[in-house]
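For reference, the structure is listed below as structure tokens.
Please treat every number below as a calculation from the coordinates, not as lab data. All of these numbers come straight from a predicted model, not from anything done at the bench. Note that we place each Cβ from the backbone using ideal geometry, even for glycine, and neighbour counts take in every protein chain shown.
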Amino acid sequence: MKILLKGDATEYKYAVEQMLLTVFPDERPEYVLKRPQEDGLTVSLSRAEMYSVSVCMLKRDGKVFRGTARVLSSALTDKITTDRVCQRLIKDSIYRAALSSGIKKPVWGSLTGVRPGKVFRNLLGSGLSPDEAVRRFETDYGVDHVRAELCCETSLETLKAEESLAPKDICLYVGIPFCPTRCSYCSFVSSSVEKSTHLIVPFLNALEKEAAALAAETEKCGLRVISLYFGGGTPTTLSASQFDRLFSLLEGLFDLSCLRENTVEAGRPDTITSEKLEVLKKHGVTRISVNPQTMNDSVLEAIGRKHTASDILNALSLVREAGGFDVNMDLIAGLPRDDPESFRRTLDQVISLSPENVTVHTLSLKKGSAITLGKTALPSAEEVSQMLDDADGSLRKTGYSPYYLYRQKFMSGGFENTGWAKPGHVNLYNICIMEELCSILALGGGGSSKLIAPGDGRNIRLMAPKYPLEYIEHSDRLCEDKKKIAEFLE
Ligand code: SF4
């Protein structure tokens, strides 16, 4: 879509693009220097003595729609506040123009960020009761009632988690970027083992070096590891003995005596064996993710998972036989060949297996994934909405409550991902990372450390390369990077 930015709006392209993605998800911005003659947007922002005003003129199918938003200029105090308020003004003006042009109202209204819970907690922090904050979510941001309530519930869980944290608490993430094969919706970090088995040992050697560098900084800063999380990729692509060695190394390097939980993603059932489960048990793993995504074999085939629903059942019985683990099961709404009826069958089957956690994702259409590159037909936004409604109803009825949620770019229908837990089985890591409650220190491929300064919320990221070969080649730089932790946190 052609976009002309005028006045101070030129400083806020990102806000324009975020809202464009919300109201016209199929459009991509094309900036122009003259008012678009055909369909397009003209967005201006002016700051006068009394009011600051954003005006959006949207041309669509030959008609012009106008949206405006304004605040008292006295609200623009310091730079951070000014940017925040100006971004909101711009988004609101585009949102209003788009609504008046007749688009379907997005379920999250004019909220564009990945963490709606932060906005909700700010409302609670300003002194509103949960009910009042829900109403403000609906009136000020146009969020639908179901999402406003959902966000209220997860925000209250966040506040509980936040209260339980001490200032030096951190989560430790270990990224293992290998998978048995590549799923078609994956744009990401994993190297299929068929192609990269030879890299596993050098990768683990580099990981050991990085872990030693990180442990030294953790100790220097007096940080306390409260949660350990192995993600990927599929960590259980490692053999039992490789896992044993990795765990023993981490136990030797880090003080893990204050761990409150220890999760290993074993997303692909074809990687779970009794031998590996024994090793995980020996090293105190408390939670395992066995992720079907769907229990429909035809859908599994369409997404390239190379396993069947009965493999999931077998893997789960191995986990249950080993005993002592909370189980998470991930589902995805919006997969190719799926429909509300088949999603409902998946839900019923998963709930009957009684996992402690169920995470309901909405398909995110990421660049580079085979799904977006191909011409696979996907369920409509209405069908995805139906799937999420069914999940909400069934999970609540069977004793689960929502405990964290987040949104992603390019999500089918602009919905959300929600983690559900049985009472007493909330996973702290998921809340901490999604709500930025504490620093996450990461090791391994695709590991993204996020350092959060206690008190003022300032943060920085330290990124590791996604692909094993690159990770191995950058080993020295990654170890050197760890010095930034003490520089930032002290
Ligand atoms: S299991 Fe996850 S990380 Fe691995 S290929 Fe599939 S989607 Fe990607």
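Taking amide hydrogens as placed 1.01 Å from N in the peptide plane, the amide H of Tyr51 sits under 5 Å from those of Ser73, each at least 5 positions away in sequence or on another chain. In terms of the mean number of neighbouring beta-carbon atoms within 10 Å, the peptides 347-357, 258-268, 170-180 order highest first as 170-180, 258-268, 347-357. Here the 3J(HN,Hα) profile of the stretch 216-226, calculated from phi with Karplus coefficients 6.51, -1.76 and 1.60 at θ = phi - 60°, is 4, 5, 4, 5, 4, 8, x, 7, 10, 7, 10 Hz, Gly and Pro shown as x.
Highest first, please rank the peptides 137-143, 433-439, 224-230 by the mean number of other Cβ atoms sitting within 10 Å of their residues.
Values: 137-143: 19.3, 433-439: 21.4, 224-230: 23.7.
Listed from highest to lowest mean packing, they are 224-230, 433-439, 137-143.
Taking the Cβ of Pro36 as the center, what net charge do the other residues with Cβ under 15 Å away carry, scoring Lys and Arg +1 and Asp and Glu -1? Don't skip to the answer; put the middle values down first.
On the way: positive: Lys2, Lys6, Arg28, Lys34, Arg35, Lys59, Arg60, Lys63, Arg66; negative: Glu27, Glu30, Glu38, Asp39, Asp61.
Net local charge, Pro36 excluded: +4.
Based on Cα contacts under 8 Å between residues 6+ apart, the chain shows a relative contact order of 14 percent. If you take all other residues with their beta carbon under 13 Å from the beta carbon of Pro202, and give Lys and Arg +1 and Asp and Glu -1, the sum is -3. Let me make sure I get this right: for the stretch 104-147, a, b and c are the square roots of the gyration tensor eigenvalues over alpha carbons, sorted descending. Under 1.5 in a/c it's rounded, otherwise prolate if a/b > b/c, else oblate. Which is it? Since a/c reaches 1.5 but b/c is at least a/b, the shape of the stretch 104-147 is classed as oblate. Rounded to the nearest 10 degrees, the inclination of helix 13-23 to the longest alpha-carbon principal axis of the chain is 80 degrees.
When each of the peptides 148-156, 61-69 is scored by how many other beta carbons lie within 10 Å of its residues on average, the order from highest to lowest is 148-156, 61-69. For the stretch 1-102, the fraction of C-alpha pairs more than 25 angstrom apart is 14%. Residue-normalised convex hull volume from the C-alpha trace of the stretch 314-368: 112 Å³ per residue. Backbone geometry of the stretch 477-486 corresponds, through the Karplus equation with coefficients 6.51, -1.76 and 1.60 at θ = phi - 60°, to 3J(HN,Hα) couplings of 4, 5, 5, 4, 4, 4, 5, 5, 5, 5 Hz, x marking Gly and Pro. Farthest toward the positive end of the dipole of the chain, out of Ile288, Val327, Ala97, is the Cα of Ala97, where the dipole comes from beta carbon charges about the Cα centre. Positive end of the dipole of the stretch 1-74, charges at C-beta (+1 Lys, Arg; -1 Asp, Glu), about the Cα centre: which of Phe24, Tyr12, Val43 has its Cα farthest in that direction? Selected residue: Val43. Charge dipole of the stretch 104-147 (Cα centre as origin; +1 on each Lys and Arg Cβ, -1 on each Asp and Glu Cβ, all else neutral): 220 debye, rounded to the nearest 20.
I need the calculated FRET efficiency for the pair Asn122 and Leu318, taking r as the beta carbon distance and R₀ as 41 Å, to the nearest 0.05.
Once rounded, the FRET efficiency stands at 0.40.
Amide H contacts of Asp330: Val290, Asn291, Gln293, Thr359, each under 5 Å away and 5 or more positions distant or on a separate chain (H built 1.01 Å from N in the peptide plane; Pro and chain starts excluded).
Quick one: if the Förster radius is 30 Å, what FRET efficiency do Thr197 and Glu219 give, using the C-beta to C-beta distance and rounding to 0.05? Efficiency, rounded to the nearest 0.05: 0.30. Within the shell defined by Cβ-Cβ distances under 14 Å, the residues around Cys151 carry a net charge of -4, with Lys and Arg each +1 and Asp and Glu each -1. Counting other Cβ atoms within 10 Å as a rough exposure proxy, the listed residues Met19, Met387, Met1 run Met1, Met19, Met387 from fewest neighbours to most.
Once the cut-off is 41 Å, how many percent of the Cα-Cα pairs in the chain end up in the long-distance tail? When every Cα pair of the chain is considered, 22 percent fall beyond 41 Å.
Counted by neighbouring Cβ atoms within 10 Å, the residues Val134, Val71, Val327 run from fewest to most as Val71, Val327, Val134.
Quick one: if the Förster radius is 60 Å, what FRET efficiency do Val32 and Glu278 give, using the C-beta to C-beta distance and rounding to 0.05? It would help to have the intermediate numbers written out before the result.
Numbers: r = 63 Å, r/R0 = 1.05.
Computed FRET efficiency for Val32 and Glu278 comes out at 0.45.
Scanning residues 5 or more positions from Gly232 or on other chains, those with amide H under 5 Å from its amide H are Ile176, with H placed 1.01 Å from N in the peptide plane.
Among Asp389, Asp481, the order by Cβ neighbours within 10 angstrom, fewest to most, reads Asp389, Asp481.
For Ala486 and Asn459, the difference between the fully extended length at 0.36 nm per residue and the C-alpha to C-alpha distance is 8.4 nm.
Can you give the helix-only mean residue ellipticity at 222 nm for the chain, where every DSSP H stretch with n ≥ 4 adds -39500 (n - 2.57) and the sum goes over all residues, rounded to the nearest 500 deg cm²/dmol? Spell out each step's value before the answer.
Values: 17 runs with 208 residues, N = 490.
Computed mean residue ellipticity for the chain: -13000 deg cm²/dmol.
Derived scalar couplings between HN and Hα for the stretch 86-98 equal 5, 4, 5, 4, 5, 4, 4, 5, 5, 4, 5, 4, 5 Hz in order, rounded to whole Hz, by the Karplus curve 6.51 cos²θ - 1.76 cosθ + 1.60 (θ = phi - 60°), x for Gly and Pro.
Please give the length that would be gained between Ser257 and Ile80 if that part of the chain were fully extended, namely 0.36 nm times their separation in residues minus their C-alpha to C-alpha distance (nm, one decimal). Can you show the working numbers first?
Values: separation 177, 0.36 × 177 = 63.72 nm, distance 3.93 nm.
Here the answer is 59.8 nm.
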